[in-house]
Amino acid sequence: MMSDVSVSLNKTAGASDIAGGMASPGDFLALLKPRVMSLVIFTALVGLVRAPDHVHPVIAFTALLCIAVGAGAAGALNMWWDADIDAIMSRTSRRPIPAGRITPGECLAFGLTLACFSVGVLGLLVNVLSAALLAFTIFFYVVIYTIWLKRSTPQNIVIGGASGAFPPMVAWAAASGSLSLEPILLVAIIFFWTPPHFWALALYRADDYARAGVPMLPVTAGGDETRRQILLYTLFLVPLAISPALIGYAGIAYAVVSTVTGAGMLWLAINVYRKRTGDDAVRAARKLFGFSILYLFLLFATLLVEAVIPGV
Amino acid sequence: MSVAKPGQKRATVAKPKAATAKGSKPQPTPARQPAPDAGVVLTDEQKRRRRARSLAIAGVLGFLVLLFYVVTIVKLGPNVLNRPL
């Protein structure tokens, strides 16, 4: 009986021993997932520049800042919810919460504050439509993807990928106050790019995901089915990425870049499909993962250049 | 749950010194012993981090003041000067 009491007391002491206020500004910055944020800023910038209406540079900067901070807030809330599985997976075990540098409460407060602030400022200083879309993006990433889908279905990143695809549409709405087919096309490109990108990563990190109990496709359906799905999504993605040039939204430079890099993407996806065992399989998946980042960057960079330098 | 960084000390709560027994030799006081009513005593590392956080918050607040001012001017536009007196 006595030992039960002491064990209980020790547990209580341990629970209250979480040291808040130990974090440095860098730890809070890490909660914002800066690498993901940089991709969000870049794709949002393209949406902003491609929008037909002129927007004052200060307003454009404010819109980009709010979108970036909103994305960071969603990342922080994702780290708050996923702290338990982050501690198990080697890729994420050094994040601020599992490493013990920030408490879950601090992370939650930080994420909620930034989310409310980014949406509020975007609504007040830019326009209501873009603020509503940003709020929906944060909600979709945190509630639909992180809390609901991530641990319940292997289609988690397919549906959840929509939240990562929204930033150019939010930026377009910030610049023009409306939506049209072009920003939806940009969203569709990122949406269909997400599964091959993340499943390539999951192929060589399957053990990590399995240990954490995350039902990624390679864990639930196996490597072969994942390779088939990667190829199918890539077959759909490549013509979709070329389509802005075909329907007149983009120029010759984009047509050339999207065709050449699309061929590269398809070639690497076929390689992943063919090489199924040993080091060759891991190398093929790593190459596809790395190239997919370059692919998306080149597509959006070309759209950006075409918008900034007319006639390219 | 929380793990301190290697080589890092946690904040400690100061405890009152135990009364010295009568007639025994007074023990030398360790250096930097907190006063009995000092409350939570931060380590030097914790103080440094708190200062860094405070400076970061000050910087962000200053930046927001500037941003709100500039956006207000931009939204008002040049016509703000052309008003009937």
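Structure summary
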item	result
Segment residue A:53-residue A:113, length gained on full extension (0.36 nm per residue, minus Cα span)	18.5 nm
Gyration tensor (alpha-carbon) shape descriptor, the range A:84-211, a/c threshold 1.5	oblate
Solvent-accessible area, 1.4 Å probe, carbon plus sulfur percent, for the protein assembly as shown	67 percent
For chain A: relative contact order, % (alpha-carbon pairs under 8 angstrom, 6 or more apart)	18 percent
In Hz, Karplus ³J(HN,Hα) per residue of the range A:140-156 (6.51, -1.76, 1.60; θ = phi - 60°; x = Gly, Pro)	4, 5, 7, 7, 5, 7, 5, 7, 9, 7, 4, 9, 10, 8, x, 8, 3
Shielding by partners - mean other protein chain Cβ count within 10 Å, residues of B:73-83	1
Karplus-derived HN-Hα couplings along the range A:85-97 (A = 6.51, B = -1.76, C = 1.60, θ = phi - 60°), whole Hz, x at Gly and Pro	7, 4, 5, 7, 7, 5, 5, 10, 5, 9, 5, x, 6
With eigenvalues of the C-alpha gyration tensor scaled by 5 and rooted, the range A:223-312, Å	29, 13, 8
Peptide ranges A:46-58, A:275-287 listed from the most packed, as the mean C-beta count within 10 angstrom indicates	A:46-58, A:275-287
Accessible surface, chain A, averaged per residue in Å² (probe 1.4 Å)	44 Å²
Amide proton proximity set for residue A:103, modelled H, under 5 Å, gap of 5+	A:21
On Cα atoms only, tilt of A:167-176 relative to the major axis of chain A in degrees	60 degrees
Dipole magnitude of the range A:72-213 about its Cα centre (Cβ charges: Lys, Arg +1; Asp, Glu -1), debye to nearest 20	220 debye
Assigned charges on the beta-carbon of Lys, Arg, Asp, Glu; the range A:134-290 dipole about Cα centre (debye)	340 debye
Shielding score for A:23-33, defined as the mean number of other chain Cβ atoms within 10 Å	3
Spacing of the two label points (7 Å from each Cα toward its C-beta) at residue B:57 and residue A:84, in nm	3.1 nm
Estimated buried accessible area (total), pair B and A, 1.4 Å, Å² to nearest 100	1900 Å²
Spatially near lysine pairs across the protein assembly as shown, Cα under 19 Å, sequence gap of 8 or more or different chains	5
Three-way shape call for the protein assembly as shown based on the alpha-carbon gyration tensor, with the a/c threshold at 1.5	oblate
Choice from A:120, A:164, A:111 with maximal GNM fluctuation in chain A (Cα, 10 Å cutoff)	A:120
Residue A:286-residue B:69 pseudo-label distance in nm [points 7 Å out on the Cα-to-Cβ vector]	5.2 nm
Residue A:277 versus residue A:260: modelled label distance in nm, points set 7 Å from Cα along the beta carbon direction	3.8 nm
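The values are calculated or read from the model by the stated rules, or taken from the named source; none is laboratory data. Keep in mind it's a predicted model, so treat the numbers as computed, not measured. Glycine gets a Cβ as well: all are built from the backbone with ideal geometry, and neighbour counts include every protein chain shown. Heavy atoms of the whole protein, side chains included, go into the accessibility calculation; ligands, DNA and RNA do not. Shrake-Rupley method; radii C 1.70, N 1.55, O 1.52, S 1.80 Å.
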